[in-house]
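**Student:** Let me give you the structure first, and then I'll get to my questions.
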Amino acid sequence: MTQHPQALRLPFTLFQTQNRMEDYSADDMRCGDLSELQLRKNLRLEKVSGMYDPWRAERTDLPISNYAVIRHKMSHQAVAKKLFDEFRRDSLPFSFLGHRGLFTALVDHFQYGEGKPFASSELNGAYRRLIEEKNEEGSLYKINETLTDILSKNAGFYPEQKKSVLRDAVRNSFLPRFNRWKDSVNGLGMSVHDIYATKVTLKSLEVDRGNYRAVLHYKGQDHFGLDDRDIRDPRFHHLNIFRIWFVLQRWEKYACQPFLTNMEATITLTGSHT
């Protein structure tokens, strides 16, 4: 008696990055773990802002004519509030073209959200458009290509034993990341950039008269936080926006909590296998 192969069991996890979701132990999720000495001496963050000095809790007024620099004492809480204002202002060159509101919402959440996860329809929409971009090396293209090939060879049937082919297709593709040139000025590079963890699930697969319809769910997660490598990177170290961000997050006196940034997209693929 001939045993028929089993159909692919759904839902099926096509891909999961080695980096896992909900990873609160990642280096960029550290908070309030560094002293003033470590920040000023070890990481060379003596100067953080052009006007506000968190170490001395002072505001510096630039001299007028020949008068000396004037310094005004402030509370540490007041300095932190002003640093957040600078954080938003200094982000303009990185977010003026498209998603500035998203980035400022993330900064607001950093200031007031107490480490709770963040999600927004605007970010989900940007994530979906990124996945759907035409790219022959992209994951969506590779999935479509693999489904067409396997269904064609098996008369519209996708066998369970071929599930590794789908996994390999995604593993060898370009996963969605906001690292395009335009992301450096539209706010998405500052908001997310490299997505820390990604999971792709095939939710359903319907085949009818030579055509197929596949529903895929993409889930991405990043961390709105900085680690030591970020602030030591020469590209970021001398920019006030990253100095402010790092000190607000990592200095024991401020300890503003980083958080998980969640994004998801459900995408329907259609094609023919004849």
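**Student:** Could you tell me which residue of the stretch 45-60 is modelled with the lowest pLDDT, considering only residues that are in a loop (DSSP other than H, G, I, E, B), out of contact with any Pro (no Cβ under 8 Å at 6 or more places or on another chain) and within 16 Å of Phe87 (Cβ to Cβ)?
**Tutor:** If we take residues in the stretch 45-60 being in a loop (DSSP other than H, G, I, E, B), out of contact with any Pro (no Cβ under 8 Å at 6 or more places or on another chain) and within 16 Å of Phe87 (Cβ to Cβ), then Gly50 is modelled with the lowest pLDDT.
**Student:** If you don't mind, another one. Kindly indicate the residue of the stretch 243-274 that is closer than 23 Å to Gly32 by Cβ and touching a strand residue (DSSP E or B) at 6+ places or on another chain (Cβ under 8 Å) and also surrounded by the most Cβ atoms within 10 Å (Cβ to Cβ) among those meeting that condition.
**Tutor:** Arg250
**Student:** Are any residues in the stretch 106-128 closer than 22 Å to Met21 by Cα and part of a helix (DSSP H, G or I), and if so, which ones? Quick ask: steps written out before the conclusion?
**Tutor:** Quick first cut of the stretch 106-128, residues closer than 22 Å to Met21 by Cα only: 106-107, 109-110, 113-128.
Selection gives Leu106, Val107, His109, Phe110, Ser121, Glu122, Leu123, Asn124, Gly125, Ala126, Tyr127, Arg128.
**Student:** Just one of (1) in contact with a helix residue (DSSP H, G or I) (Cβ under 9 Å, 6 or more places away or on another chain); (2) surrounded by 12 or more Cβ atoms within 10 Å (Cβ to Cβ); (3) of a type outside the set (Val, Ile, Thr); (4) farther than 27 Å from Arg229 by Cβ trips up Gln6, so point out which.
**Tutor:** Checking Gln6 against (1) in contact with a helix residue (DSSP H, G or I) (Cβ under 9 Å, 6 or more places away or on another chain); (2) surrounded by 12 or more Cβ atoms within 10 Å (Cβ to Cβ); (3) of a type outside the set (Val, Ile, Thr); (4) farther than 27 Å from Arg229 by Cβ, the one that fails is (2).
**Student:** In this structure, is Thr60 surrounded by 14 or more Cβ atoms within 10 Å (Cβ to Cβ), without any contact (Cβ under 8 Å) to a residue 24 or more places away in the chain and within 27 Å of Asp23 (Cβ to Cβ)?
**Tutor:** Values: surrounded by 14 or more Cβ atoms within 10 Å (Cβ to Cβ): yes; without any contact (Cβ under 8 Å) to a residue 24 or more places away in the chain: yes; within 27 Å of Asp23 (Cβ to Cβ): no.
It is false that Thr60 is surrounded by 14 or more Cβ atoms within 10 Å (Cβ to Cβ), without any contact (Cβ under 8 Å) to a residue 24 or more places away in the chain and within 27 Å of Asp23 (Cβ to Cβ).
**Student:** Among the residues of the stretch 107-123, is any at pLDDT below 95 and surrounded by 17 or more Cβ atoms within 10 Å (Cβ to Cβ)?
**Tutor:** For the stretch 107-123, residues at pLDDT below 95 and surrounded by 17 or more Cβ atoms within 10 Å (Cβ to Cβ): absent.
**Student:** If you take the residues of the stretch 254-274 that are in a strand (DSSP E or B), of a type in the set (A, V, I, L, M, F, W, C) and out of contact with any His (no Cβ under 9 Å at 6 or more places or on another chain), which of them is nearest to Ile195 (Cα to Cα)?
**Tutor:** If we take residues in the stretch 254-274 being in a strand (DSSP E or B), of a type in the set (A, V, I, L, M, F, W, C) and out of contact with any His (no Cβ under 9 Å at 6 or more places or on another chain), then Met263 is nearest to Ile195 (Cα to Cα).
Results for (1) buried (at least 17 other Cβ atoms within 10 Å of the Cβ); (2) of a type outside the set (D, E, K, R); (3) closer than 21 Å to Pro258 by Cβ, shown as yes or no for each residue.
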residue: Leu34; (1), (2), (3): yes, yes, yes
residue: Arg56; (1), (2), (3): no, no, no
residue: Lys73; (1), (2), (3): no, no, no
residue: Lys81; (1), (2), (3): no, no, yes
residue: Ser91; (1), (2), (3): yes, yes, yes
residue: Leu102; (1), (2), (3): yes, yes, yes
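**Student:** Name every residue in the stretch 181-221 that is of a type in the set (A, V, I, L, M) and either surrounded by fewer than 21 Cβ atoms within 10 Å (Cβ to Cβ) or assigned to a strand (DSSP E or B) (or both), in order of residue number.
**Tutor:** Those that are of a type in the set (A, V, I, L, M) and either surrounded by fewer than 21 Cβ atoms within 10 Å (Cβ to Cβ) or assigned to a strand (DSSP E or B) (or both): Val185, Ala197, Val200, Leu202, Leu205, Val207, Ala214, Val215, Leu216.
**Student:** Can you find a residue that is crowded, with 17+ Cβ neighbours inside 10 Å, in contact with a strand residue (DSSP E or B) (Cβ under 8 Å, 6 or more places away or on another chain) and either part of a strand (DSSP E or B) or among the polar types (S, T, N, Q) (or both) anywhere in the stretch 223-242?
**Tutor:** Yes, because at least one residue in the stretch 223-242 is crowded, with 17+ Cβ neighbours inside 10 Å, in contact with a strand residue (DSSP E or B) (Cβ under 8 Å, 6 or more places away or on another chain) and either part of a strand (DSSP E or B) or among the polar types (S, T, N, Q) (or both).
**Student:** Mind listing whichever residues of the stretch 150-180 are among the hydroxyl-bearing types (Ser, Thr, Tyr), assigned to a helix (DSSP H, G or I) and more than 32 Å from the chain's Cα centre (by Cα)?
**Tutor:** Ser152
The values are calculated or read from the model by the stated rules, or taken from the named source; none is laboratory data. Note that the structure is a prediction, hence the values are computed from the model and not measured. Here the Cβ is made from the backbone with ideal geometry for all residues, glycine too, and neighbour counts use every protein chain on show.
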